Amino acid sequence: MSRKFRLASIVVLAVVMAGCATAPGVHTVQNTRTYQMPYDQAWENVVSFFASRNIQIKNIAKDSGVIYAESARFDDSMADCGKPGLFQIVGRKANFNVFVKHAGNDTQVSVNTDFSETRRFENNVVTVQCNSYGTLENLVLNSVSSAGGA
């Protein structure tokens, strides 16, 4: 097979793959809520959320109000990664952190998420940033207002 033919084949294949793949959609996500409860109670509810779901914590610091979760896998209900086209999905990773802070007499909780999908086609591996649907954010935020964070 000639070098020119191989190059032309690769270009055609790239065009076909691009035509089959789609970009992730953009979704409006509310990732912060303010609660009429003491800081300590909101903090305890967030920690209970992690514990009750067996989510590994990478770093936790109550004095600064931050919890970093270990990387985890996610499914289609959590984030939109678009369609992979001819690429095969070989991995998905979710990173998230929760910030709890004083907001006057109230407490504010924010959840920040980062979803990505790794895809492979032959020897090509790409990582695609995915857009959250707000599912994970809502799970965390709803747990703050529920008794015991469950």
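Since every read-out is calculated from the coordinates, none of them should be taken as a lab result. Quick caveat, the model's predicted, so the values are computed rather than measured. Neighbour counts are summed over all protein chains in view; Cβ atoms, including those assigned to glycine, are modelled from backbone coordinates with ideal geometry.
Details
- Thr127-Ser146 pseudo-label distance in nm [points 7 Å out on the Cα-to-Cβ vector]: 3.2
- Integer Hz, Karplus 6.51/-1.76/1.60 couplings in order for region 80-96, x for Gly and Pro: 9, 9, x, 8, x, x, 7, 6, 9, 6, 10, x, 9, 9, 10, 10, 8
- Over region 3-149, relative contact order from alpha-carbon pairs under 8 Å, at least 6 apart, %: 31
- Taking amide H as placed 1.01 Å from N in the peptide plane, Ala79 has its amide H under 5 Å from the amide H of Tyr133, each at least 5 places away in sequence or on another chain.
- Rounded, prolate or oblate (a/c below 1.5 giving rounded, otherwise prolate when a/b exceeds b/c) for region 3-149 by Cα gyration tensor: prolate
- Linear extension gain, Leu139 paired with Asn59, 0.36 nm per residue minus alpha-carbon span: 26.8 nm
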